[in-house]
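Here the structure is laid out as structure tokens; the discussion comes afterwards.
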Amino acid sequence: MAKRVAYPNPLPRPKGELDQLRAVWAVPKKWRVLSAVNNTVIGHFYIGTALLFFLLAGILALLMRAQLAVPSNTFLSQETYNQVFTMHGTVMMFLFAVPAVEAMGVLLLPQMLAARDLPFPRLGAFAFWAYFVGGLVFFSTLFFDLAPSGGWFMYPPLTGAQYSPGVGADFWLLGIGFIEISAIAGAIEIIVGVFRTRAPGMTLDKLPMFAWTMLVFAGMIVFAFPAVILATIMLELERALGWPFFIPAKGGDALLWQHLFWFFGHPEVYIIFLPAAGMVSMIVPTMARTPLVAYNLIVVALIATGFFSFGLWVHHMFTTGIPHLSLGFFSAASMAVSLPSGIQVFAWIATIASGRLQWTTPSLFVLGFLFIFTLGGLTGVMVAMVPFDWQAHDSYFVVAHFHYVLVGGMVFPLFAAFYYWTPAFSRRALSERLGRWTFWLMFIGFNVAFFPMHLAGLMGMPRRVYTYPAGLGLDIFNLISTIGAFTLAAGILVFLIDVIRNFRPTLSQSAGNVWNAATLEWLNNEAFAARSVPYITSRDPLWDQPGLKEDVNAGRYYLPGALTGRRETIITSPFEAAPQYLARLPGPGWTPVLAAVFTAAFFLLLTVKFVTLAAICAVLAVIMILAWMWDSDPEPVAPVDVGGGERLPTYVSGSSSHSWWAMVILLLVGGALYLSYVFSYLYLWTVSPQAWPPANGQAIPSLPWSAVSGILLLSSSAMMFAASRVLAQRRLTGWVFVPLILLATGAMLASLGVEIAAHWETGLRGNVSSYGAMVYLASFLQLQLVLPLVIMMGFVLARWLAGRLNRVRRVAFDNLHLFWQYSVGQGLFGLLLVHGFPRLVG
Ligand SMILES: [Cu+2]
């Protein structure tokens, strides 16, 4: 093994090295810039789009405040108002908050970690474009009176087919689908990026706090989003096919939706808040000119918050009549989760106290955040008390509470971040003078708008009403709130003027490290991030490692050029950040854009029931994805010297490959989705145990049926293991390999066919009882795995035939194999549950 040398290499760099690096990473010119996949370009698009949705949803808020300014107002009709508040909440949560923090991660993480790019640039581009196209179409439903109107959390039975007959609810259910896909794709990118593309020497205890929070953020997405994905699948199946998951008369339960939704929805609050807290943890030390106090404790607090936030969802359901013991547990847990947030707040205060705070615009926004968020936390403890919540539930008190938490906890830190990081990406910093105006207008406007809502709520004003009669004592609070809302909007207007006047994006001539910050994103960055990848020995490298910046710029560290003539980044080990191999990355291309457009079109066409067109778009989307995957597993070349005495291989397969990591995370998403299914199955059984299975002769299929299905699954698993062995042989034996994988595919398909036929034979139907619906849902979820498996199998076969798959170059097969064995496991578990459980309890 090569000796690791951490010192900068004093030898002069070869001529033309920097020019070649620039050429390889060049951003496409003019309109072709849309085909860029580089994180800096995509990051800018991403943040711009998130801001656009923030403005659009903000305008909806102003419409609502205009309507509520005076009693008995007729500015908006009731139906329009319902659509407006539903879209305001949905757009703010799904199209602004989550994408905005993800966008900050995409833009900042590679620079912060001194990676050239994120590990899957095309996946990142795909995630962005799916969000951009789908989000805009989804928003425009408002202009055609087709927008959903059942509230952003879409409770059935209001959103079921009976009470929401139009396509509005379908737009929500399918329209949110691609946003979920986009969020999960981004989460995979971020987890693999943080674990595997850090600068050499940047061990986990030297990770910038923002990267820590993005890691927890992405991990929470992996486990929280599947619950809402399953819920949307179920409600859409109920609306489209009549499978009665949420209809009590047929054994369903509307509360199941609430459990699934809030199992996602509560962590969602922290999914938004934690990255914002991470931004604050970066800004505070710079502005106080001192290292962050209690780094380790903050990391523990972050992980604890991420963990505990999954145990609180029932506090959104205190008024639904659940047992008192559960109420006590969830009430206590809801109060306990304020402790880790408290740790962070005290760590920031201690950091500010131990340094000398510079009174800049980012500092102002941080202080504004501390004030507003703490107030929101205090009202949070109030509504965590069950008896108080019974009074305040569904009133404006709750509206005030969660706006203090979300706007205080996320929007103010985000604006701090805009002012803080602009100099790293723009020729000029934003104006400090306009920034102060922005801050004070926003801070005063926010409090004037939302503080009176606490009082209106306590006086009995309910949420989601489009008007109220005069003389109840609500008039004055509402008028003040409206004035505050427009003041807040004026602050954001000043911000936009500032951006237009001063923001000049650049990839090489930024204003630079104007705050004298300590972390690597403040090195001289271009499209490829820093000129060379430094060896890190400190948590605050630009403060503690003298000469670092000069050595990095002179190319004296790792990877000073384009060593294989392509885009590349160093993949490091997950904990110690020791260099492991050189990953070659793709350049610009249209396939991710087109794949995203077709994916969004698929979901939206399905909504308006253009099934054929939707199917065509799905096929086109798959073709585009396969086209980009085709060159994403490039041919291995000889190991290269990346500098510092480090010779790295250019190709690895197995568990150290970064794409293996991505697949494992994807399977965790699948597992979380399936666990949500198991929860729903058991939950509906407790609701109607007498119908499990129904007594009307629709028995469970006889044992041989179940056994055949299981044996087919097991044999397909065995054949894939055998195929994997064959592929590892030195002598290529295609006539064994190809039949093996084809037979495995046949067995997998047959197993699913047998399972569905067996239940159909007994006369069981999905639309008659919740039991039938749950049985067929298991097969539906299995089909969701089998379809991609068949497509991936075709892809692997094509690569085999084209000579792109062999003993060494086998990542495509390994990924398929992982996915395969997972699907076998899920299928077997499903058989045990669906065939075994009713026998056990029946
Ligand atoms: Cu909550």
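The values are calculated or read from the model by the stated rules, or taken from the named source; none is laboratory data. Here the structure is a predicted model, which is why all the values come from computation and not from measurement. Here the Cβ positions follow ideal geometry from the backbone for every residue, glycine too, while neighbour counts run over all protein chains shown. These accessible areas exclude ligands, DNA and RNA; they are computed on the full protein's heavy atoms, side chains included. Shrake-Rupley method; radii C 1.70, N 1.55, O 1.52, S 1.80 Å.
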(request) Using θ = phi - 60° and the Karplus relation 6.51 cos²θ - 1.76 cosθ + 1.60, list the HN-Hα couplings for region 648-656 in order, rounded to whole Hz, with x at every Gly or Pro. (result) 10, x, 9, 8, 9, 10, x, 6, 8
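Can you tell me the mean projection area, over all orientations, of the convex hull of region 227-360's alpha carbons? Units nm², please. Intermediate results must be reported in sequence, preceding the final value.
Details: hull surface 42.5 nm².
Computing the convex hull of the Cα atoms and averaging its projections yields 10.6 nm².
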(request) Just the ratio, please: alpha-carbon radius of gyration of the chain over 2.2 N^0.38 Å, N its number of residues. (result) 0.97
(request) Over the Cα atoms of region 291-356, compute the convex hull volume and normalise it per residue, giving Å³. (result) 77 Å³
(request) Could you pull out every residue, at least 5 positions away or on a different chain, whose amide H is within less than 5 Å of the one on Glu568? Hs are placed 1.01 Å off N in the peptide plane, and Pro or chain starts have none. (result) Leu585
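At 1.4 Å probe size, with the rest of the protein present, what percent of the exposed accessible area of region 674-726 is carbon and sulfur atoms?
On the way: 1930 of 2540 Å².
Ligands and nucleic acids excluded, carbon and sulfur reach 76 percent.
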(request) Grab the beta carbon distance between Arg731 and Glu635, set R0 = 25 Å, and tell me the FRET efficiency rounded to 0.05. (result) 0.80
(message) Place a point 7 Å from the Cα of Ile476 along the Cα-to-Cβ direction; which residues of region 56-72 have their backbone N under 20 Å from it?
(response) 68-72
(message) From the phi angles alone, apply the Karplus equation (6.51, -1.76, 1.60; θ = phi - 60°) to region 46-62 and give each ³J(HN,Hα) in whole Hz, x where the residue is Gly or Pro.
(response) 4, 5, x, 5, 4, 5, 4, 5, 4, 5, 4, 5, x, 4, 4, 4, 5
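Carbon and sulfur atoms: what percent of the 1.4 Å accessible area of region 512-569 do they account for?
Working: 810 of 1880 Å².
Reported share for carbon and sulfur atoms: 43 percent.
Of Trp630, Trp31, which has the most accessible area and how do the rest follow, probe 1.4 Å?
On the way: Trp630 70, Trp31 160 Å².
Accessible-area ranking of Trp630, Trp31, largest first: Trp31, Trp630.
I'd like to check one number: the per residue accessible area of the chain, probe 1.4 Å, reported in Å² as a whole number.
On the way: 31460 Å² over 842 residues.
Solvent-accessible surface per residue comes out at 37 Å².
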(request) Could you tell me the accessible area of Leu52 in Å² (1.4 Å probe, neighbours in place), rounded to the nearest ten? (result) 70 Å²
(message) Per residue of region 190-202, what does 6.51 cos²θ - 1.76 cosθ + 1.60 with θ = phi - 60° give for ³J(HN,Hα)? Whole Hz please, x for Gly and Pro, Karplus curve as stated.
(response) 6, 4, 5, x, 5, 6, 10, 10, 7, 4, x, x, 7
(message) Test of understanding: express the Cα radius of gyration of region 137-252 as a ratio to 2.2 N^0.38 Å, with N the residue count.
(response) 1.43
(message) Taking just the alpha-carbon atoms of region 751-835, what radius of gyration and Dmax come out, in angstrom?
(response) 16.5, 52
(request) Collect residues whose amide H, placed 1.01 Å from N in the peptide plane, falls under 5 Å from the amide H of Ser395; neighbours closer than 5 in sequence don't count. (result) Arg463
(message) Taking the Cα of Asp205, stepping 7 Å toward and past its beta carbon, and measuring to each backbone N in region 268-312: which are under 20 Å?
(response) 291-304
(message) Projecting each Cα onto the charge dipole of region 473-559 (Lys/Arg +1, Asp/Glu -1 at the beta carbon, about the Cα centre), which of Ala529, Ile497, Ile476 comes out farthest on the positive side?
(response) Ala529
(request) Please state the charge dipole magnitude for the chain, taken about the Cα centre, from unit charges on C-beta atoms (+1 on K and R, -1 on D and E), reported in debye and rounded to the nearest 20. (result) 2020 debye
